[in-house]
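Peer 1: Quick one: this structure, given as structure tokens, is what I'll be asking you about.
The values are calculated or read from the model by the stated rules, or taken from the named source; none is laboratory data. Source: prediction; values computed, not measured. Glycine also receives a Cβ, built like all others from the backbone with ideal geometry; neighbour counts cover every protein chain displayed. Accessible surface areas use protein heavy atoms only, side chains included; no ligands, DNA or RNA. Shrake-Rupley method; radii C 1.70, N 1.55, O 1.52, S 1.80 Å.
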Amino acid sequence: MATAPPPSPQTPVLRLFVLGQSETVRRAIANARTLGPVEVIDVRDDPGAAEAARILATPTLIRTDDTPARIVGDLRDLDAVRAHLGPPYDALGAENHHHHDDP
Amino acid sequence: MEFQQVGTGVPGLDGILAGGYLAACPTLIMGQPGCGKTLFLLQFLADGASRGTRAVCATCTESPERLQEHMKAFGHPVEQWMADGLLVFVDLRPVPGELVTGALDQTVIKVRLDAALGAGGADPTMGRLAIDDLNRLAYAFDPSGIAARQTLDLLRLLRDSGITTLISSAETEAARDSLVDYAVDAVIELRQTVERRLMTRTLRVTKMRGVQHGTNEYPFMIDDAGPSLMPVTQLEGQYHARAGMVSTGHARLDALLGGGLYRGGSLMITGTSGVGKSTLCGQLAAGLCADGLRVVYKTFEQEESELTHDFHGVGIDLRPFVENGRLRFVRARSVDCGLEEHLIRLARMADTDRPDVLIIDAVTSMTDLGDVTTVKSMLLRLIDTCKSRGILIIMVELLWDAQDSVSQMGLSSLLDTWIRLELQRQVGEYVRLIRVLKGRGANISHQIKEFRITDQGIAIEDPYVGGGSFVFGTEKLIREQAERHEHTRMRTRLERLQRELEVLPGAFDARLAQTRLEREEAIERLRDEINDLQRALENVHADARAVSAARGGG
């Protein structure tokens, strides 16, 4: 019933801006990856990208295609994240429930 | 600990802060929306960029483009600075529609700011940073301000890394509670009030670690060159002494003033309406311009064309000086802006134009805008400003008839020279009188002189002194005329007597000569007669003898 995740181009549609290595970062990356391919950018390595994307907090997940959306935080509420990202991500929520939450 | 300070780029503010904002520390500028916080930030950045210091502008509300427009409007070479990497914008505006879920960290903002400050390998601590509307960051993600603590962390990071930062924030309880007490080393509060329908802006330094800053509420204004304050001269240091006298170009006035007026001095001309204060100003302007000085004539009452026309009518032609640029009229109406703004404008004009002479006709126009105490304190600072810049300031104070020639401004102690013009009522007329009440460092005349407005400028004349009193005007003319008649009469008599004296001895001499002549004649006549008679008698005797002899007698 569910449509497949969108066909992955050269660079993923989803970008996750993080800062360094921390439990929150690891959790955010794991949560983001349940949505499909994700380009993870450490803002310390590429502050220019953070500047261009006007990142005010990490982690921030950005959908970069023509239906942009931004989600800030460790993405613990994956259902809300999917809903915010919109189609096609919003259709995946019901079957995939193994999101990463606080320990 | 010695604090390094950096220029604020706001005229007058460095003085109040005893040097400038604290280097390597965050300073908070707080105030209601629209009170000019952002402009202080922009001038701080421009001051840095103009000194070749990297200036980073982080904005949380307005677009970088908008801020660039503001800076350009103040005349800053924004594009050049941006091309040279001296001015960098960091857009900290939230992107609308963000979803927040779970823990977040705002350290990325510090990363972005560091990147901007350190671009091209620069030392971030050598730059300047301004964050406009910082309080918005706390509400970037939701209206309850979940990021407030994060914002404080950011400030702590900035402070720890020793970056000279200027932050603006709306005045909210939250800002007061958190920012003021914990996160910043200096706090400047801006306030704007509307009094008598005129906007007044004031600034107050409520916290400044380790610096003896000014503690008053200081008025400031905003115009097309940005915000500025009245300079605080006592913190700027030395006055230039009154240096050298300049001639007023009017021999009688110079004599009255003990030689002329001092450069860097102050002159107050007080008098009631119609006594000729402006005419005297015009005369002084003409004389000082002719001396080669540059004069600014600030008029609150008449327009330039009216004034020059009126002056021309009494033989004072200022137009050549307007044409050759020595004289500039500046017109303002008292209702244009608040008192402080007028005075700040004057002070700034004194600073930028650097005229030799500033004439203000009339300072009393400003009392419409504030109580006398306020006006006085502002004038005091204006006089100080002019003095410290070697500008001769000439002020006109209009007295109301009911004031009985008593100045309401009470500025005497501040003034070097004080001229009072009076109308004196006499039988059937008023006469104008001029008197120098005070002249610091000059041997002034203490006599009251008559002051007349002729078709060749002003004329200063001695009063009629006689019969134990001073008399002016027609009365003086009548007395002088009577005296002239008496003089003539006496002179005529004198001449006559002198002529008589010349003639008299001659007359007597002539009479003497005549008498002598008559005496000689009388004597002669007597002698002749005596001789005749004697001869006759002798003849008679001879005849008798001849007869006797002839008769044989004898």
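Peer 1: Under the classification rounded if a/c is under 1.5, otherwise prolate if a/b is larger than b/c and oblate if not, where does region B:62-116 fall, given a ≥ b ≥ c as square roots of the Cα gyration tensor eigenvalues?
Peer 2: Verdict is oblate for region B:62-116.
Peer 1: Where in region B:292-399 are there trypsin sites (Lys or Arg not before Pro) that are in a DSSP coil and have at most 13 other Cβ atoms within 10 angstrom of their Cβ?
Peer 2: B:R333
Peer 1: Restricting to the protein assembly as shown, compute how many DSSP beta bridges are antiparallel as a %, nearest 5.
Peer 2: 45
Peer 1: A further question follows. Of the accessible area of the protein assembly as shown, with the probe set at 1.4 angstrom, what percent is carbon plus sulfur? It would help to have the intermediate numbers written out before the result.
Peer 2: Values: 15990 of 31520 Å².
Within the protein assembly as shown, the accessible surface is 51 percent carbon and sulfur.
Peer 1: For chain B, which longest stretch is free of loop sites, where a loop site is one of the chymotrypsin sites (Phe, Trp or Tyr not before Pro) that DSSP puts outside H, G, I, E and B and that has at most 14 other Cβ atoms within 10 Å?
Peer 2: B:1-238
Peer 1: Using the Kirkwood radius built from alpha carbon pairs, what does the Stokes-Einstein equation give as D for region B:302-373 at 4 °C and 1.567 mPa s, in µm² per second?
Peer 2: Taking Rh from Cα pairs, D becomes 94 µm²/s.
Peer 1: Let me ask something else about it. For B:K72, which lysines qualify as cross-link partners when the Cα separation must be under 27 Å and same-chain residues fewer than eight apart are set aside?
Peer 2: B:K37
Peer 1: What fraction of the DSSP beta bridges in chain B is antiparallel, stated in percent and rounded to the nearest 5?
Peer 2: If I count the DSSP bridges inside chain B, around 45 percent turn out antiparallel.
Peer 1: Select from region B:505-554 those trypsin sites (Lys or Arg not before Pro) which occupy a DSSP coil region and have at most 14 other Cβ atoms within 10 Å, ordered by residue number.
Peer 2: Listed in order of number, the matching sites are B:R551.
Peer 1: Non-local amide H neighbours of B:L327 (under 5 Å, H modeled in plane, Pro and chain starts lacking H): which ones?
Peer 2: Amide H neighbours of B:L327: B:V295, B:V322.
Peer 1: Output the direction-averaged projected area (hull surface divided by four) of the convex hull of the alpha-carbon atoms of region A:14-93, in nm².
Peer 2: Convex hull of Cα atoms, orientation-averaged projection: 4.7 nm².
Peer 1: Output wanted: per-residue J couplings in Hz (rounded whole) for region B:275-290, from phi through Karplus 6.51 cos²θ - 1.76 cosθ + 1.60, θ = phi - 60°, x for Gly and Pro.
Peer 2: For region B:275-290, the Karplus-derived couplings read 7, x, 5, 5, 4, 5, 4, x, 4, 5, 4, 4, x, 6, 5, 5 Hz, x marking Gly and Pro.
Peer 1: Show me the three semi-axes of the equivalent ellipsoid for the protein assembly as shown, from the C-alpha gyration tensor (sqrt of 5 times each eigenvalue), largest first, rounded to whole Å.
Peer 2: Working through the eigenvalues yields semi-axes of 105, 21, 19 Å.
Peer 1: What are the radius of gyration and Dmax of chain B, computed over its Cα atoms and given in Å?
Peer 2: Both quantities, over Cα of chain B: 45.1, 205 Å.
Peer 1: A further question on this structure: At a probe radius of 1.4 Å, figure out the B/A buried accessible area, summed over both chains, and give it in Å² to the nearest 100.
Peer 2: On the way: alone 27530 and 6060 Å², together 31520 Å².
So the buried area, both faces added, is about 2100 Å².
Peer 1: Going by Cα centres, region B:275-310 and region B:313-329 are how many Å apart?
Peer 2: Taking the Cα centre of each part, region B:275-310 and region B:313-329 sit 8 Å apart.
Peer 1: Whole-Hz ³J(HN,Hα) for each residue in region B:11-26, computed from phi via Karplus 6.51 cos²θ - 1.76 cosθ + 1.60 with θ = phi - 60°, x for glycine and proline: what do you get?
Peer 2: Taking θ as phi minus 60°, the curve returns x, x, 7, 4, x, 5, 8, 6, x, x, 5, 6, 6, 6, 9, x Hz for region B:11-26.
Peer 1: Nearest 10 degrees is fine. How inclined is helix B:473-550 to the longest principal axis of chain B, computing both from alpha carbons?
Peer 2: Computed tilt is about 20 degrees.
Peer 1: Could you give the Stokes-Einstein D for region B:6-53 in µm² per second, using the C-alpha Kirkwood radius, 10 °C, 1.306 mPa s? Before the final figure, lay out the partial values.
Peer 2: Values: Rh = 11.3 Å.
Approximately 141 µm²/s, per Stokes-Einstein.
Peer 1: Amide H of B:I359: which non-local residues (sequence gap of 5 or more, or other chain) have their own amide H closer than 5 Å, using H built in the peptide plane?
Peer 2: It is B:V296, B:Y297, B:K298, B:I394, by chain and number.
Peer 1: Could you work out the local net charge near B:G506, counting Lys and Arg as +1, Asp and Glu as -1, over the other residues with Cβ closer than 12 Å to its Cβ?
Peer 2: Charge balance in the 12 Å sphere: -1.
Peer 1: Using 21 Å as the Cα-Cα cut-off, could you pick out the over-long pairs in B:K387/B:K449; B:K449/B:K476; B:K387/B:K438; B:K277/B:K438; B:K207/B:K376; B:K298/B:K387?
Peer 2: On the way: B:K387/B:K449 29 Å; B:K449/B:K476 12 Å; B:K387/B:K438 18 Å; B:K277/B:K438 17 Å; B:K207/B:K376 28 Å; B:K298/B:K387 17 Å.
Among B:K387/B:K449; B:K449/B:K476; B:K387/B:K438; B:K277/B:K438; B:K207/B:K376; B:K298/B:K387, the Cα-Cα distance tops 21 Å for B:K387/B:K449; B:K207/B:K376.
Peer 1: Another question about this same structure. Given a 1.4 angstrom probe, what's the average accessible area per residue across the protein assembly as shown, in square angstrom? The partial results should precede the final answer.
Peer 2: Numbers: 31520 Å² over 657 residues.
Dividing the accessible area of the protein assembly as shown by its residue count gives 48 Å².
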